[in-house]
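Below is one structure, written out as structure tokens; the observations come after it.
The values are calculated or read from the model by the stated rules, or taken from the named source; none is laboratory data. As the structure is a computational prediction, the values presented were derived from the model and not from experiment. Glycine also receives a Cβ, built like all others from the backbone with ideal geometry; neighbour counts cover every protein chain displayed. Accessible surface is based on the protein model in full, side chains and every heavy atom, while ligands, DNA and RNA are left aside. Shrake-Rupley method; radii C 1.70, N 1.55, O 1.52, S 1.80 Å.
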Amino acid sequence: MRVEDLGTMRYREAWALQERAHAEVVAGGEERLLLVEHPPVITFGRRPGVERNVVAPPEALERRGVEVVPSDRGGDVTFHGPGQLVVYPIIRLNDHRLSVGGYVRALERSVIEALRELGASARKDDCAVGVWTEDPPGSGTLAKICAIGVRVRRGVTLHGLALNVTTDLTFFDLIIPCGLVGRAVTSLQKLLGPRVPEMTAVKRALTESLASGLSGIVAPVASAT
């Protein structure tokens, strides 16, 4: 499994790269983990009517430089932007003995383990896909720190997860994140303050955790420049 760090890349460009990688993996090529940060973009999944959860008017989105892109992933509405680590695993589920549900749970567990290594406690929520943490810590109030939305086509995965590291959380005011009314969003920076790790450390921790969680062997992160 090869890890490719794409740096910062527009959503549509990364999506096209995913599609090329997907075709190669379907044909028996090397599996991938694509790491990327996106310029500000709101995306929504295939579920009918989810675009209504973009609550900001077009002029407000334009003022903040936010693109809106319909996606073919599962899930609802989410935001991607600077300071958020997005990971797109392109893997053959049968090779990892995973069902679609098992794959999503493996992603959740991998994020939880990576966050533990980085000094933040997190958990699953039986009522909602993704990874959640108490914010403020010890309050009992859960906020989402990592969104998950995937697609599986011809047995090979697309899309993946988005972990808020130093993300500007005010962008989430433009949407109802994941369509969950009244559920907050948080970030590692909000939880840890000055102890927030560098993005390179987050990439390393999450890549290693995904390697373990997906029962594969992942090579060192390579730049795609």
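Tabulated values for the structure
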| item | result |
| --- | --- |
| Odd one out for Trp132, checked against (1) within 13 Å of Ile112 (Cα to Cα); (2) in a strand (DSSP E or B); (3) open to solvent by less than 40 Å² (accessible area, probe 1.4 Å); (4) out of contact with any Lys or Arg (no Cβ under 7 Å at 6 or more places or on another chain) | (4) |
| Qualifying residue in region 144-157 (condition: part of a loop (DSSP other than H, G, I, E, B) and farther than 22 Å from Val77 by Cα) | yes |
| Hits in region 89-102 (condition: touching a Leu at 6+ places or on another chain (Cβ under 6 Å) and open to solvent by less than 10 Å² (accessible area, probe 1.4 Å)) | Pro89 |
| Out of Val156, Val185, Val165, Val202, sole residue that is of a type in the set (A, V, I, L, M, F, W, C), open to solvent by 10 Å² or more (accessible area, probe 1.4 Å) and either at pLDDT 95 or above or under 16 Å from the mean Cα position of the chain (by Cα) (or both) | Val185 |
| Residues of region 60-97 classified as touching a residue at least 40 places away in the same chain (Cβ under 8 Å) and either aromatic (Phe, Trp, Tyr) or not in a loop (DSSP other than H, G, I, E, B) (or both), total | 20 |
| Of the criteria (1) open to solvent by less than 30 Å² (accessible area, probe 1.4 Å); (2) closer than 23 Å to Arg73 by Cα; (3) not in a helix (DSSP H, G or I), which one Pro197 fails | (2) |
| Total residues in region 33-77, condition closer than 21 Å to Cys146 by Cβ, modelled with pLDDT of 95 or more and open to solvent by 20 Å² or more (accessible area, probe 1.4 Å) | 3 |
| Subset of region 105-129 [free of Cβ contacts under 8 Å to residues at least 60 places away in the same chain, over 12 Å from the mean Cα position of the chain (by Cα), surrounded by 15 or more Cβ atoms within 10 Å (Cβ to Cβ) and assigned to a helix (DSSP H, G or I)] | Arg105, Ile112 |
